[in-house]
1. Using a Förster distance of 60 Å, how high is the FRET efficiency between ALA657 and ALA456, based on the Cβ-Cβ distance and rounded to 0.05?
2. Using Cα positions and a limit of under 28 Å, work out the lysines in reach of LYS61, with same-chain residues fewer than 8 apart set aside.
3. Can you put ASP288, ASP206, ASP139 in order of accessible area, largest first, using a 1.4 Å probe?
4. Using modelled backbone amide H atoms (1.01 Å from N, in-plane), which distant-in-sequence or interchain residues come within less than 5 Å of TYR36's amide H?
5. Points 7 angstrom from Cα along the Cβ direction at GLN383 and GLU361: gap in nanometres?
6. Find out how many positive minus negative residues lie around GLY42, taking Lys and Arg as positive, Asp and Glu as negative, among other residues whose Cβ is under 11 Å from that of GLY42.
7. Can you tell me which of 605-614, 588-597 comes out highest on packing, and rank the rest after it, using the mean Cβ neighbours within 10 Å?
8. Of the listed peptides 478-490, 34-46, what is their order by residue-averaged count of other C-beta atoms within 10 Å, with the highest listed first?
Amino acid sequence: MRKIRLQSRGKENLSDRFARELNAEQFAAATAPDGYSLILAGPGSGKTRVITYRTAYLIAKGVPAESILLVTFTRRAARELVSRLEHLVGPEASKVWAGTFHHIGNRIVRRSAEALGLESNFSILDGEDQEEFMRLAMDDAGMFGTGKLAPRPGTLLGLVSYAFNVERPTAEIVLERAPALAPIVETIERAAASYVDRKRKANCLDYDDLLAYWHRLHHELPEAGNAVAKSFRHVLIDETQDTNSIQMNIVERIAADGWGNLTAVGDDAQSIYGFRGANYANILGFLDRHAGANLFRLDLNYRSTPEIVAFTNASIARNSTGFPKDLRSARDSGAKPLVVVAADAAEEAEFVGQQIVEWHEQGVELSRLAVLYRNHHDGVLIQAELVSRGIPYTVRSGMRFFEQAHVKDVLAYLRLMSNPLDETAWRRLLLMLPGIGPAKTAALYAHLSSQEDPLAAAASREAMALVPAKGKGLYAGFVSDLRRIRSCRPETNPAQAMQLVLEGGYPALMKTRYERPENRMADLEQLVLLAGRYDALEKMLADLMLAGDLYGTDALAAAEDNEQVVLSSIHQAKGLEWSRVFVVRLVEDGFPNARALDEEGGEEEERRIFYVAVSRAMDELILTYPNLTSRGRGPIQVTRPSRFLQEVDPELTDQAAIEGSNDLAWTDRVPHP
């Protein structure tokens with residue numbers, strides 16, 4: 001290793017820490033020269049450490065921290081990187097532009113709002129807001145009242161968003177992904193256009209808009225775009241394999257128009273988000289797009305035993321695309337992965353439950369155990385089994401904190417304080433009031449949005465005249481609440497504003513609308529505590545609206561008991577690790593997913609999903625499948641073991657079959673399928 005003279009926070013300098021904490025591969029990547037670099041980081045190879053040290057190295061070399069752009073795919077990853085960086089370089093860490101694409105896009109678009117023709121106080125729509133806008137847009141396009149069943153707003157949003165992220169026409173995507181909607185494709189295009197128009201008039205942007213305007217800044221507004229590009233001397237992008245075309249185009253354009261320094265980090269074998277528009281070619285073709293780029297490989301795995309690493313290597317070997325894989329383990333030898341054959345899905349679930357009990361009795365914490373599956377419904381029987389045994393568990397899916405109705409209600413009050421034209425916030429709050437239905441809400445919003453000060457206009461005689469007699473009392477109370485909230489200067493005091501919401505008429509409304517209002521009130525009290533961390537309402541709302549990340553991590557997730565087994569889809573498990581891991585229901589048509597096999601490159605992506613699953617295990621890996629299966633009331637069918645099991649040399653695994661579901665006895669070995 002070449003000696004570097006770098007100062008660090010505290011007594012020890014960075015030179016010593018680099019030498020002590022990085023292996024040769026990591027050191028080479030962290031201290032790469034300026035220019036373009038691709039860092040291929042295998043599972044458990046210290047990717048986060050390398051990114052952190054790379055950033056610290058740049059700062060120590062004299063690169064201003066505020067000129068470093070570090071793009072991640074989750075808020076959790078950004079916070080972890082900044083926290084680690086702070087231990088290396090001190091307060092400078094907070095100056096780095098670190099965050100998700102949407103988080104960074106929000107900051108840049110607000111700063112460049114005037115050049116982009118936007119108001120800087122625009123609201124950010126979450127998923128439910130988007131559905132409401134799309135429902136209205138579908139009505140504009142004449143999709144309701146025709147006697148025909150209209151598609152769900154969420155369906156159209158998914159098609160429109162996917163088309164944007166893969167940069168293809170909406171009509172083309174509709175025909176490809178939802179051919180049943182082909183007869184109304186022109187109507188869908190009109191609805192999509194109305195959706196865009198409604199967002200613009202309401203001064204609202206959705207997540208895709210944050211990328212679209214950021215992209216436009218660099219491609220249509222050269223003066224403003226170049227200024228942004230020149231402000232970032234170095235761009236680092238994490239999880240490059242998960243980027244879509246728009247995202248990769250943005251960061252490559254910043255590097256090209258700026259200082260020519262781009263470090264892309266990722267693992268092509270963990271590219272598993274094609275269904276969301278991720279472009280596998282972004283990482284696969286990086287070296288072709290940037291001739292002379294440096295290539296670094298992090299192949300030393302600190303997570304898993306040699307036996308699990310050997311299986312991991314073999315699991316991806318059949319893929320014809322991708323960089324060659326030769327992971328090595330830094331750990332001592334352990335048990336081979338175990339392939340378990342059950343009679344049926346119920347017996348498979350029983351085995352999982354029994355094995356969890358045995359491991360726990362041996363002293364293994366439940367939080368160090370995970371059950372992973374390709375399809376969410378594959379976890380249902382296992383959930384039932386864990387319930388019957390009294391084993392606590394958490395499912396990494398379902399409704400997130402900020403998607404809950406009562407949380408969104410309270411945030412709607414604050415959104416009006418920030419953006420009085422926010423139509424979805426007005427609709428959400430007005431529709432809660434008895435006697436005010438969709439028609440009256442539309443009339444009220446039309447009146448308020450036409451006034452210079454919509455919040456003040458809400459108390460006018462004209463507005464009150466639009467409210468039905470039976471709703472006037474509660475409407476007057478609602479207007480009074482808005483006045484009180486506005487009077488506390490919410491733009492710099494969001495916690496006080498939120499507290500005033502809870503002291504007003506909302507709790508009484510909540511009790512009439514939702515079950516378990518006491519639990520919901522406790523949630524909202526925690527939300528007030530979170531708001532106390534902010535001194536700017538705009539920043540708080542942006543953070544909370546962007547709280548839903550690609551990999552499902554929430555900023556305000558409730559603290560969970562550590563003694564819980566994790567049940568998770570493999571996509572949700574990406575980036576995580578556990579001591580002992582089950583991968584269940586490994587049968588053909590299930591894993592690989594039958595529908596995925598019909599898509600171009602589908603089998604290879606499914607194999608990458610399997611690679612992600614098996615590489616989550618640190619100490620033990622158990623792979624299970626049932627011999628028989630059925631779908632609901634359908635006939636019982638004999639399964640075929642997943643091709644991903646059959647492809648791997650049987651010498652890399654131990655195999656066992658359950659002899660009886662009651663005693664769960666084992667044969668020593670059975671022939672590998």
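1. For ALA657 and ALA456, the calculated efficiency is 0.20.
2. LYS3, LYS11, LYS47, LYS95, LYS230
3. Reading off the accessible areas and sorting them downward yields ASP288, ASP139, ASP206.
4. Hits under the 5 Å cutoff: LEU262, ASN294.
5. Taking the two extended label points, one gets 2.8 nm.
6. 0
7. In descending order of packing, they fall as 605-614, 588-597.
8. 34-46, 478-490
The values are calculated or read from the model by the stated rules, or taken from the named source; none is laboratory data. Everything numeric in this text was worked out from a predicted model, so none of it was measured. Heads up, the Cβs are rebuilt from the backbone with ideal geometry, glycines too, and the neighbour counts pull from every protein chain shown. The area values use the complete protein model at the heavy-atom level, side chains included, leaving out ligands, DNA and RNA. Shrake-Rupley method; radii C 1.70, N 1.55, O 1.52, S 1.80 Å.
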